[in-house]
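What follows is a single structure, written as structure tokens, with notes after it.
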Amino acid sequence: QVQLVESGGGLVQPGGSLRLSCAASGRPLRAQVMGWYRQAPGKQRELVASITGGDSTIYADSVKGRFTISRDTAKNTVYLQMNSLKPEDTAVYYCNVRSTTMNFWGQGTQVTVPS
């Protein structure tokens, strides 16, 4: 079993920055893919960014150049640095860890960028 706890969300003005953190507990996560997803009201959950155990990354086109995902294996934590935030980034952001044998989600953290 893996528990994921997100933090760092909040209200930020357009153009501002936030850093989300997701701390995992329960077992070491080195080879698994860790990622951030988001879900805005009335929309489907979508991938924002993911990072593999070898630090390969994938980003949604809408966040490329603005968001950076990273992980600290020693701390079992994944981060999402979000810069140049826009109102369309408003959503609940969820942390995810997955492999062929697991798929766990955090409880989500709200990010609000007013228009």
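Some values worked out for this structure:
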{"item": "Of residues in the stretch 74-115 being among the small types (Gly, Ala, Ser) and open to solvent by less than 70 Å² (accessible area, probe 1.4 Å), the one farthest from residue 10 (Cα to Cα)", "result": "99"}
{"item": "Cross-chain or 6+ apart pairs with Cβ under 6 Å, the stretch 90-115 first and touching a residue at least 40 places away in the same chain (Cβ under 8 Å), then aliphatic (A, V, I, L, M) and exposed (fewer than 15 other Cβ atoms within 10 Å of the Cβ)", "result": "91/40; 112/11"}
{"item": "Enumeration of residues in the stretch 5-58 that are at pLDDT 95 or above, among the hydroxyl-bearing types (Ser, Thr, Tyr) and open to solvent by 30 Å² or more (accessible area, probe 1.4 Å)", "result": "7, 17, 37, 56, 57"}
{"item": "Restricting the stretch 39-56 to residues that are β-branched (Val, Ile, Thr) and under 12 Å from the mean Cα position of the chain (by Cα), the residue that is nearest to residue 95 (Cα to Cα)", "result": "48"}
{"item": "Inter-residue pairs, beta-carbon under 6 Å, first polar (S, T, N, Q) and in the stretch 1-22, second open to solvent by 30 Å² or more (accessible area, probe 1.4 Å), 6+ apart", "result": "1/26; 3/25; 3/26; 17/83; 21/7; 21/8; 21/79"}
{"item": "Some residue of the stretch 66-73 being under 16 Å from the mean Cα position of the chain (by Cα), exposed (fewer than 13 other Cβ atoms within 10 Å of the Cβ), in a loop (DSSP other than H, G, I, E, B) and not aromatic (Phe, Trp, Tyr)", "result": "no"}
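The values are calculated or read from the model by the stated rules, or taken from the named source; none is laboratory data. Bear in mind that the values here come from a model prediction, so they are computed numbers and not experimental data. Positions of Cβ are backbone-derived with ideal geometry, glycine not excepted, and every protein chain shown enters the neighbour counts. The accessibility values were calculated without ligands, DNA or RNA, using every heavy atom of the protein model including side chains. Shrake-Rupley method; radii C 1.70, N 1.55, O 1.52, S 1.80 Å.
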